Amino acid sequence: MRFSTHLYALLTSSLLFTTVNLCMAKETEQYKPSQPQQLAQVYQDDIKVKEYWISEKLDGIRARWTGSELITRNGNRIHAPSWFVKGFGKQVLDGELWLARNSFEKTASIVLRDTPTNDWKHIKYMLFDLPQHKGDFTRRLNDLETIVDDCTSPYMFVIPHFKLNTKDQLMAKLDELVAQGAEGLMLHHQRATYQNGRSANLLKLKKHQDSEATVVAHLPGKGKYLGMLGAILVELDSGLQFKIGSGFSVLQRRYPPQIGTTVTFKYYGYTAKGIPRFAVFLRVKPDLTKS
């Protein structure tokens, strides 16, 4: 165990610390619930791939462990069972509550309940960063591995990270994982320190883009969709309105997303008028303010 003699002198004999907590104590400060979180920018083609740690982009519920509880990206409490968070420690952690690929709705239905159920036993807390750590990402990743190794929880893991050398390798890996059901890739610059807010050192790479919009109207279906939803009219924050008519199951066409709710959709660039091209409905965004 390595720590400074000054730090050792400050520790009283009545306190017990794990190796990781000792290592992290000199690099952290008191957590503030209002502290913003680091957010990714869209992948840019002018990067040096070999300088980035790469991981699969998990489609789960982002969650921060404050040292005493899990909270959403908006700072709302996640009501996890005490047995799930037992052994998480006092360090602040960033991660994703995740069930499996293509299981976002099921994950949300489990972790966003006010009263937790035994279904939490299927959830994994997949770590990807240490918000209060002052070191670069390579060091933070190494310390995350140490935290998990020393943790007694069976629900805590580090998202696997790897290195590639070229853009061709990167795109091939993207194709490979997407074919297996992955959402995309995350790229984190090896020398980047943790930055609150949108960071150019953290990039997300997908086969398509996605965004959010508010449902403002239901448009009736025709033909085989007669008597059901044909499309939803949505509005972006900019005020731009457009239709989304694909991506819905038969059940969703019978019971469409309510007017006023936020939906996530995928698209492939923009038209000349600035409308998202080939917009496809993905899901209703969970109301995290109720957590």
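Observations on the model:
- Electrostatic dipole magnitude of region 209-285 [Cβ: Lys, Arg +1; Asp, Glu -1; Cα centre; debye, to 20]: 360
- Note on LYS266: aspartates and glutamates with a C-alpha under 15 Å away, same-chain residues under 8 apart excluded, are ASP59, GLU183, ASP210, GLU212, GLU235.
- Charge context of GLN44, other residues only, Cβ under 14 angstrom, K/R +1, D/E -1: +2
- Listed peptides 66-77, 112-123, 137-148 appear in the order 137-148, 66-77, 112-123 once ranked by packing, highest mean of other Cβ atoms within 10 Å at the front.
- Eligible lysines near LYS86 by straight Cα distance, threshold 17 Å, same-chain separation 8 or greater: LYS121, LYS124
- Residue order, fewest to most beta carbons within 10 Å, for VAL158, VAL216: VAL216, VAL158
- Unit charges at the beta carbon, dipole of region 209-285: most positive-side option, LEU233, GLY247, GLY269: GLY247
- Dipole magnitude of the chain about its Cα centre (Cβ charges: Lys, Arg +1; Asp, Glu -1), debye to nearest 20: 640
- Entries of LYS167/LYS207; LYS50/LYS204; LYS134/LYS204; LYS48/LYS163 with Cα pairs more than 19 Å apart: LYS134/LYS204
- Gained length - LYS222 relative to LEU236, 0.36 nm times residue gap less alpha-carbon distance: 2.5 nm
- Listed candidates (1) 23.7, 75; (2) 17.9, 52; (3) 21.4, 78 - label of the one calculated as Rg and Dmax of the Cα atoms in Å: (3)
- With the simple model of a label 7 Å out from the Cα in the direction of the Cβ, SER246 to ASN142 spans 4.8 nm.
- Sequence ranges 234-241, 167-174, ranked by mean other-Cβ count within 10 angstrom, highest first: 167-174, 234-241
- Residues with amide H under 5 Å from that of ALA63, placed H, sequence gap 5 or more: GLY95, GLU96, LEU97
- Ranking ILE259, HIS218, ASN76 by Cα position along the charge dipole of the chain, where only Lys, Arg, Asp and Glu carry charges on their C-beta atoms, puts HIS218 farthest toward the positive end.
- By the rule of a C-alpha distance below 16 Å, with chain neighbours fewer than 8 residues away ignored, the lysines paired with LYS273 are LYS243.
- Using θ = phi - 60° and Karplus 6.51 cos²θ - 1.76 cosθ + 1.60, couplings along region 160-177 (whole Hz; Gly, Pro as x): x, 10, 8, 10, 10, 9, 10, 5, 4, 5, 4, 5, 5, 5, 4, 4, 4, 6
- FRET efficiency, 1/(1 + (r/R0)^6) with R0 22 Å, evaluated for GLU69 and ALA200 via beta carbons: 0.10
- Extending 7 Å from the Cα toward the beta-carbon at both LYS50 and ARG101 defines two label points whose distance is 2.9 nm.
- In the chain, helices alone account for a calculated mean residue ellipticity at 222 nm of -5500 deg cm²/dmol, with every DSSP H run of four or more residues adding -39,500 (n - 2.57).
- The phi torsions of region 221-235, fed into the Karplus equation with coefficients 6.51, -1.76 and 1.60 and a -60° offset, translate into couplings of x, 10, x, 5, 9, 4, x, 10, 5, x, 6, 10, 9, 10, 10 Hz, rounded to whole numbers, with Gly and Pro shown as x.
None of the figures in this text is laboratory data; all of them are computed from the coordinates on show. Bear in mind that the values here come from a model prediction, so they are computed numbers and not experimental data. Neighbour counts are summed over all protein chains in view; Cβ atoms, including those assigned to glycine, are modelled from backbone coordinates with ideal geometry.
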